[in-house]
Ligand code: NAD
Ligand code: DAU
């Protein structure tokens, strides 16, 4: 039996990865380590929480003594590292939280893996999940490839870039067997409603303004979260050590076009007259350092590992919107309490 540690498994992407691994690999023991910050939610995993090959561990990846003890106790064969502070706007307010979790937390895990594996790398793998934001911004043309130089612009992307560099450095310096992926924007069920798509779905449901930053002409490349989880499975099992793979949907949308599309879908689903939700669109002050455009060239993972997205954007959005409409309790639970003060502060609502 293989013992796999998945960090951040109670979060958005992590919960889909945990579900995939727990259900697909019954011969693996999956340990989900998560600090349960505002973004971590065990409700995301109620369907698999009683599986015999699943264990939840509450803890902080930056707590060195705790992490060392955990690795010594369980002797993991593999680590799939997703735990992070993940929201750009929060990183602008509080960069240090991002340094602590994304940089110090990652190095703490790398140290534990190195010490426990002691150079016996056979069958061991450290998989670091990163983002396309480390490459900075594109102009109107071009795509990010695995060799695009790092050029992060936000405290979030700077912290992720730093963690990526540490992972590579541990590969070069100590020989740690790692794989690294840089993925584009995910969307889907269980996405915390501070990010564009779930925030706007929630606001449309409640007839609240849709705060579009700047002129809305910023471009993102959207990938359905279950396709990201499938890619992580493929890279974890078939990726080559010391390699990076970009993951993306070849699916670019300007924010304003995406918001208009979403408004139309929501009008249909909620039985509202065409054009009702679009009236909620409100242009607000831009995000500082806002990257103009992200777009991934995912040719390498397709050609070398045979992965490509399994759903179209239309199919993925349909599944996503239906999920939010059918899971009002989940939305209500995560938007109570601390969410209210975050939202008021971020959008300066009195
Ligand atoms: P998320 O914010 O939804 O989840 C992060 C999880 O990490 C939460 O469950 C949280 O409780 C946990 N966590 C935070 N700090 C922790 C700590 N100190 N110790 C232990 N657990 C901690 O994030 P997400 O959107 O699911 O992103 C997961 C990973 O994928 C991140 O590394 C992110 O950088 C990367 N990524 C995200 C996207 C995206 O579009 N969401 C795209 C590419 C890459
Ligand atoms: O590219 C991958 C990254 O995608 C991940 O690494 C991050 O963890 C994830 O949060 C996401 O970052 P973005 O900043 O691209 O996502 P966000 O949903 O915050 O914003 C998407 C776009 O929408 C961006 O151009 C900013 C804009 N936006 C966002 C919010 C929250 C608005 O116009 N209004 C908003 O209220």
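Laboratory data are not the source of any read-out in this text; all were calculated from the coordinates shown. This structure is a prediction, so every number in the text was calculated from the model and none was measured. As a convention, Cβ positions derive from the backbone with ideal geometry for all residues, glycine included, and neighbour counts pool all protein chains shown.
Worth a mention:
- Note that region 157-270, at 37 °C in a medium of 0.692 mPa s, gets a Stokes-Einstein diffusion coefficient of 200 µm²/s from its Kirkwood radius over C-alpha pairs.
- Ordering of 307-318, 258-269, 129-140 by burial proxy (mean other Cβ atoms within 10 Å per residue, highest first): 129-140, 258-269, 307-318
- In nm, spacing of pseudo-spin labels at residue 93 and residue 140 (7 Å Cα→C-beta vector): 3.6
- Counting DSSP beta bridges with both ends in the chain, the antiparallel % (nearest 5): 10
- By average C-beta atoms within 10 angstrom, highest first, the peptides 295-305, 76-86: 76-86, 295-305
- Over region 1-107, the Kirkwood radius and the radius of gyration, each from Cα atoms, give a ratio Rg/Rh of 0.98.
- You can think of it this way: the chain between residue 287 and residue 38 has 87.5 nm of extra reach, that is 0.36 nm per residue less the Cα-Cα gap.
- Per the Debye formula on identical point scatterers at the alpha carbon atoms of region 80-169, with no solvent, log10 I(q)/I(0) at q = 0.13, 0.18, 0.20 Å⁻¹ is -0.47, -0.81, -0.94.
- With the convex hull drawn over the C-alpha atoms of the chain, the volume per residue is 129 Å³.
- Convex hull per residue volume in Å³, alpha carbons only, for region 147-214: 130
- Among 31-38, 110-117, sorting by the average number of other beta carbon atoms lying within 10 angstrom of each residue, highest first, gives 31-38, 110-117.
- Distance distribution note for region 240-300: the fraction of Cα pairs above 12 angstrom is 76%.
- Volume per residue of the convex hull around the Cα atoms, evaluated for region 298-350, comes out as 159 Å³.
- Shape metrics for region 242-350, restricted to C-alpha atoms - Rg then Dmax, Å: 17.9, 53
- Whole-Å distance, taken between Cα centres, linking region 133-177 and region 62-113: 17
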